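Okay, so here's the structure we're looking at.
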Amino acid sequence: MTTPTTPRDRALSVLREQTIELPSWAFGNSGTRFKVFGTPGTPRDPFEKVSDAAQVHRYTGIAPRVSLHIPWDLVEDYGKLAAHAADLGVTIGMVNA
């Protein structure tokens, strides 16, 4: 690969390497402090949230990590959740309280 020479080429080169980490809460029901609005197909647990995040990564190629949020993403076995993520081609990233 040749070294980018123009500022535009250098910027595009850097952007090609950029990735994002998807927050697990982005895949759950949303709402306000007064009401949560449920929708069909919404993930019911952290395993389904990771599966949805992996689908986003398959489509985009730029979202290889999922950040968990505690207490909403509590599971009995985080090793099992991490293995599930790995099987789907993503990893567990940050854990937010």
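The values are calculated or read from the model by the stated rules, or taken from the named source; none is laboratory data. Everything numeric in this text was worked out from a predicted model, so none of it was measured. These accessible areas exclude ligands, DNA and RNA; they are computed on the full protein's heavy atoms, side chains included. Shrake-Rupley method; radii C 1.70, N 1.55, O 1.52, S 1.80 Å.
Converting phi to 3J(HN,Hα) with the Karplus coefficients 6.51, -1.76 and 1.60 and the offset θ = phi - 60°, the stretch 39-51 yields 9, x, x, 5, x, 9, 7, x, 5, 6, 5, 5, 4 Hz in sequence order, with x at every glycine or proline. Along the stretch 84-94 the Karplus relation, 6.51 cos²θ - 1.76 cosθ + 1.60 evaluated at θ = phi - 60°, assigns HN-Hα couplings of 4, 4, 4, 4, 9, x, 10, 10, 7, x, 5 Hz to successive residues, with x for each Gly and Pro.
Near residue 91, the amide H atoms lying under 5 Å from its own belong to 65, 66; only residues 5 or more places off or on other chains count, and H is placed 1.01 Å from N. Mind checking which of 80, 35, 49 has the largest fluctuation in a GNM of the chain, springs on alpha carbons under 10 Å? Its mean-square fluctuation being the largest, the pick is 35.
Over all distinct Cα-Cα pairs of the stretch 16-95, the Kirkwood formula returns a hydrodynamic radius of 13.0 Å.
Couplings for the stretch 52-67, taken from phi via the Karplus curve 6.51 cos²θ - 1.76 cosθ + 1.60 with θ = phi - 60°, read 5, 4, 5, 5, 4, 5, 4, 6, 9, x, 10, 10, x, 10, 10, 8 Hz in order; Gly and Pro are left as x.
Each listed q (0.27 Å⁻¹) maps to a log10 I(q)/I(0) for the stretch 30-76, found by the Debye formula over equal Cα scatterers with no solvent: -1.07.
Antiparallel beta bridges, as assigned by DSSP with both residues in the chain, represent about 20 percent of the total such bridges. Figure note: 52, 87, 77 ranked by solvent-accessible area, largest first, 1.4 Å probe, ligands and nucleic acids not counted: 87, 77, 52.
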